[in-house]
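First the structure, in the form of structure tokens, and then the observations on it.
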Amino acid sequence: MANVRPAIDDQFASSQPGVYVIGDLAGSPVVKLAMEQGFDLASNLLRESAEAPGGAYDAVIIGAGAAGLNCALELHARGRRVVVLEKDRIGSTVANLPEGKWIYTEPEDRTVRGRLPLVAAVKDDVVATWRRAVEGSGLEVRELTTVVRLTRDRGGVLTVETAGGGSVQARRVIVATGKFGSPSKLGVQGEDLPFVQHRLFQTKKYDGDRIVVVGGGNSAVEAAVALAAQNQVTISYRGAAFQRVTKENLRRLRETPGIEVRFNSKVTAFRPGVCEMDGREQPCDHAFVLIGSEAPRDFLKALGIRLEDEWDWKRWALLAAMCVLSYTIYGVKQGEGHEFWPYTGWGAHFFAFGGRPWSFWYTVLYTALVTIFGIRGMKRWGFDHKDKFQIWRYASLIGFQWIFFFLIPEFLFQSAVANQWVGERLASDPNFVNNAWRSYGIIYAWPLFFYTFLGNPADIWVIWGVLLSFVVIPVLVLFQGKRYCTWMCGCGGLAETLGDRWRHLAPKGRQAIWWERMNVVVLVAAALITVALVAHDLFRTWQSSAQHALVWYKLIVDTWLVGIIPIALYPFFGGKIWCRYWCPLAKMMEWFSAAFTRFRVSRFAIASTDKCIACGECSRYCQVGIDVMSFALKQEDLTNGNSSCIGCGICVTVCPMDVLSFARPRSPLVQIQGAVASTR
Ligand SMILES: Cc1cc2nc3c(=O)[nH]c(=O)nc-3n(C[C@H](O)[C@H](O)[C@H](O)COP(=O)(O)OP(=O)(O)OC[C@H]3O[C@@H](n4cnc5c(N)ncnc54)[C@H](O)[C@@H]3O)c2cc1C
Ligand code: SF4
Ligand code: SF4
């Protein structure tokens with residue numbers, strides 16, 4: 001939840017006119033990038049004329065962190081009237097990180113822009129330089145001032161209201177409050193008693209006490225380790241194992257005596273001196289509930305800012321439009337006389353123009369979308385991130401679409417036949433000449449293209465199809481995992497281009513992964529129907545069952561599951577619904593890749609260094625919903641033995657700390673040794 005963001009445009013403008021969002025809350029997960037956004041917004045606002053009415057400020061900045069301070073210092077230095085309102089102290093997020101925390105200044109290839117200094121140092125020194133910069137500049141910062149609401153008068157002047165009844169008026173409001181809103185609560189009886197706290201500030205305060213720490217993340221483990229030196233500590237965690245804890249913290253937990261860890265446990269109530277856990281009463285002098293933080297939803301609502309996952313009328317209208325569009329495109333593509341209602345009998349004729357059927361224009365439209373949005377994706381992930389891997393990936397997707405899914409089936413196949421480039425024998429074979437559509441099978445392997453086996457076994461299409469599916473694809477998988485999906489495939493191509501802007505909406509969590517089993521069902525159905533069709537071709541048996549099954553498969557899988565449903569859902573669940581949940585080829589490749597990993601011959605894995613700061617960017621942008629961060633924290637190799645990774649590399653690209661990289665999988669033993677070595 002903490003990763004839900006406000007909806008903002010490229011200029012940081014929110015849905016509330018005159019209100020901007022920058023920093024961690026706007027998706028900058030590290031200090032340098034947060035500062036960069038602050039500087040960029042200040043530069044944009046400086047292009048406007050300074051004409052704040054009456055005694056109003058030109059801008060109120062909420063939050064004195066890296067983003068807010070860098071923005072405010074720039075505006076202030078260039079003559080604008082600004083004030084910063086901070087609920088705690090200057091740089092409080094960094095100041096509250098664990099004692100002695102070193103602040104890295106990644107990404108290294110970006111220079112610091114603006115007037116706020118940034119040096120790699122321990123957190124207290126970083127915050128001290130920020131305070132000096134503010135004091136030296138004369139910038140007005142009001143500490144211990146919490147913003148609670150925002151209103152607007154008819155003239156467009158914004159009034160920022162603070163806790164305690166104060167208010168400040170301004171023309172522009174810049175929200176730089178970071179993404180950590182209020183701490184999450186268990187919601188159990190007695191949680192508001194004074195001995196139960198949701199943050200741990202000073203461990204030295206506690207001595208000889210019985211302490212319960214609730215939670216299974218880094219902050220819970222770090223707190224338990226720090227408190228265990230002088231206290232008796234119990235960790236209560238509802239999971240069966242720690243998933244999101246760094247290797248280093250796990251090692252420290254193992255090596256610290258006196259901590260009792262209770263997995264699969266549940267705290268149900270607190271009473272003075274007692275914590276009720278798993279139906280038993282546990283004596284408890286202090287309890288720390290450290291289970292993460294809530295996205296600052298209520299706060300953003302109070303400012304009138306829309307969140308990216310909110311269903312307003314525009315989103316409903318988009319869903320309706322996508323459904324109609326998708327249904328029409330595929331409904332008409334069924335061919336003359338087979339169109340879906342209400343296009344039956346006229347749709348295909350109506351949509352055929354320029355002497356070409358709708359299926360041709362559909363391919364033109366598809367190719368145009370992959371090209372236009374592919375160039376956009378190339379800019380977003382390739383050029384903007386200076387990442388050659390992504391530039392090549394998008395070039396490959398566009399290239400495959402143009403050559404294998406457009407030029408060959410629509411033009412080159414006919415030329416090859418007319419000019420006998422394929423030899424005289426093939427050019428005069430009606431089985432070959434009249435089946436241009438089978439050229440899609442040059443790249444599409446069985447069972448995605450499950451007509452592979454149909455026809456004479458000596459037929460060139462059948463021979464190539466078998467080779468592609470059972471030799472070329474496994475070899476590719478051995479070296480590249482499931483990169484076929486993100487470098488070559490047309491279905492994956494549309495998802496990675498047109499669907500890219502919604503990739504962060506991919507369903508996440510255990511339930512979402514559980515549903516991936518649906519593609520096993522499609523794979524089994526495809527296999528059974530293929531057997532029936534081949535039996536029918538070879539022995540003339542099961543004729544009507546095979547034909548019936550084929551008709552149903554074409555309708556359910558090749559029309560609704562490939563085309564209509566997933567494309568209509570792009571703006572709501574990202575582009576990979578088909579690839580992740582229903583594509584039988586994706587499942588088959590995953591099994592190949594998992595087997596190669598198990599037999600230690602696979603060349604595909606994503607490895608991590610020990611620098612992860614748990615920002616969650618990698619998990620947010622994984623279009624197949626993998627919790628990449630949990631692998632990075634544990635420094636465990638991510639392979640197709642433990643995930644359905646399709647090798648797009650976006651997690652590697654977005655990681656601001658350069659934690660992730662493609663690698664050959666290491667054996668589990670080497671992984672453990674490596675992690676221990678890196679902690680020495
Ligand atoms: C464990 C951990 C380790 C990290 N390590 C690094 C690192 O090594 N290097 C690095 O570059 N980054 C690191 N980061 C990330 C870094 O802390 C953030 O990227 C950065 O602080 C974001 O800056 P910001 O200005 O957007 O938000 P913040 O720094 O969070 O500032 C937001 C400010 O707004 C204030 N505020 C919130 N609500 C209100 C309100 N209602 N009214 C008034 N004020 C309000 C808060 O008190 C806070 O001071 C780490 C983060 C974590 C969690
Ligand atoms: S884990 Fe990374 S490389 Fe694999 S699919 Fe997700 S974002 Fe792409
Ligand atoms: S590995 Fe993921 S969570 Fe860790 S720093 Fe990189 S992007 Fe953030």
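Take the conditions (1) within 26 Å of Leu75 (Cβ to Cβ); (2) buried (at least 16 other Cβ atoms within 10 Å of the Cβ); Gly138 misses just one of them, which is (2).
Has the range 44-52 got any residue that is buried (at least 22 other Cβ atoms within 10 Å of the Cβ), of a type in the set (A, V, I, L, M) and either within 16 Å of ligand 3 (Cβ to nearest atom) or in contact (Cβ under 8 Å) with a residue 24 or more places away in the chain (or both)? Yes; the residues of the range 44-52 include at least one that is buried (at least 22 other Cβ atoms within 10 Å of the Cβ), of a type in the set (A, V, I, L, M) and either within 16 Å of ligand 3 (Cβ to nearest atom) or in contact (Cβ under 8 Å) with a residue 24 or more places away in the chain (or both).
Once the range 643-666 is narrowed to residues that are away from ligand 1 (no atom under 16 Å from the Cβ) and at pLDDT below 95, the residue that is nearest to Gly178 (Cα to Cα) is Ala663.
Please work out if Tyr451 is under 30 Å from Val654 (Cα atoms) and of a type in the set (Ser, Thr, Tyr). No, not satisfied.
Whenever a residue of the range 246-257 is part of a helix (DSSP H, G or I), its partners that are among the aromatic types (Phe, Trp, Tyr), lying with C-beta atoms within less than 7 angstrom and at least six residues away or across chains, give the pairs Leu250/Phe242. Does Leu45 satisfy the criteria of being more than 22 Å from Arg131 (Cβ to Cβ) and at pLDDT 95 or above? It is true that Leu45 is more than 22 Å from Arg131 (Cβ to Cβ) and at pLDDT 95 or above.
Yes/no matrix, rows are residues, columns are (1) within 16 Å of ligand 3 (Cβ to nearest atom); (2) under 26 Å from Ala34 (Cα atoms); (3) under 14 Å from the mean Cα position of the chain (by Cα):
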{"position": "Ser602", "(1), (2), (3)": "no, no, no"}
{"position": "Tyr621", "(1), (2), (3)": "yes, yes, yes"}
{"position": "Met629", "(1), (2), (3)": "yes, yes, yes"}
{"position": "Ala632", "(1), (2), (3)": "yes, yes, no"}
{"position": "Asn640", "(1), (2), (3)": "no, no, no"}
{"position": "Ile650", "(1), (2), (3)": "yes, yes, yes"}
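For the range 437-469, the tally of residues that are free of Cβ contacts under 8 Å to residues at least 12 places away in the same chain and either more than 26 Å from Phe411 (Cβ to Cβ) or crowded, with 16+ Cβ neighbours inside 10 Å (or both) stands at 3. Against the numbered list (1) touching an Asp or Glu at 6+ places or on another chain (Cβ under 7 Å); (2) among the small types (Gly, Ala, Ser); (3) within 16 Å of ligand 3 (Cβ to nearest atom), Ser608 comes up short only at (1).
Of all positions in the range 53-74, at least one carries a residue that is among the small types (Gly, Ala, Ser), farther than 20 Å from Thr177 by Cα and surrounded by 18 or more Cβ atoms within 10 Å (Cβ to Cβ). Considering the conditions (1) surrounded by 14 or more Cβ atoms within 10 Å (Cβ to Cβ); (2) free of Cβ contacts under 8 Å to residues at least 60 places away in the same chain; (3) among the β-branched types (Val, Ile, Thr), Val477 is excluded by exactly one of them, (2). Checking each residue in the range 220-244 for being touching an Asp or Glu at 6+ places or on another chain (Cβ under 9 Å) and either in a loop (DSSP other than H, G, I, E, B) or not hydrophobic (A, V, I, L, M, F, W, C) (or both) picks out Gln230, Asn231, Gln232, Thr234, Ser236, Gln243, Arg244. A search for C-beta distances below 8 Å between a residue of the range 601-618 that is more than 12 Å from Leu660 (Cα to Cα) and any residue that is within 14 Å of ligand 2 (Cβ to nearest atom) and part of a strand (DSSP E or B), counting only pairs 6+ apart in sequence or on different chains, returns Phe604/Phe662. Of the conditions (1) surrounded by 21 or more Cβ atoms within 10 Å (Cβ to Cβ); (2) farther than 20 Å from Ile291 by Cβ, Val214 clears all except one; give me its number. With respect to (1) surrounded by 21 or more Cβ atoms within 10 Å (Cβ to Cβ); (2) farther than 20 Å from Ile291 by Cβ, Val214 is out only on (2). Restricted to the range 51-106, and to residues there that are farther than 30 Å from His198 by Cβ, in a loop (DSSP other than H, G, I, E, B) and of a type in the set (A, V, I, L, M), the residue that is farthest from ligand 1 (Cβ to nearest atom) is Ala52.
Under 20 Å from Asp58 (Cβ atoms), surrounded by 15 or more Cβ atoms within 10 Å (Cβ to Cβ) and aliphatic (A, V, I, L, M), is that true of Val126? Spelling it out, it is not the case that Val126 is under 20 Å from Asp58 (Cβ atoms), surrounded by 15 or more Cβ atoms within 10 Å (Cβ to Cβ) and aliphatic (A, V, I, L, M).
Within the range 634-656, residues that are more than 27 Å from Arg380 (Cα to Cα) have Cβ atoms under 8 Å from residues that are basic (Lys, Arg) and within 16 Å of ligand 1 (Cβ to nearest atom) in these pairs: Lys634/Lys247; Gln635/Lys247, counting only partners at least 6 apart in sequence or on another chain. The criterion of at least 3 residues that are surrounded by fewer than 18 Cβ atoms within 10 Å (Cβ to Cβ), at pLDDT 90 or above and out of contact with any Ser or Thr (no Cβ under 6 Å at 6 or more places or on another chain) is met, among helices (runs of 4 or more DSSP H) falling completely within the range 291-387, by 313-333, 358-377.
The values are calculated or read from the model by the stated rules, or taken from the named source; none is laboratory data. The structure presented is a predicted model; accordingly, all values stated were derived computationally and were not measured. A quick note on method: Cβ atoms are made from the backbone with ideal geometry, for glycine too, and the neighbour counts reach across all protein chains shown.
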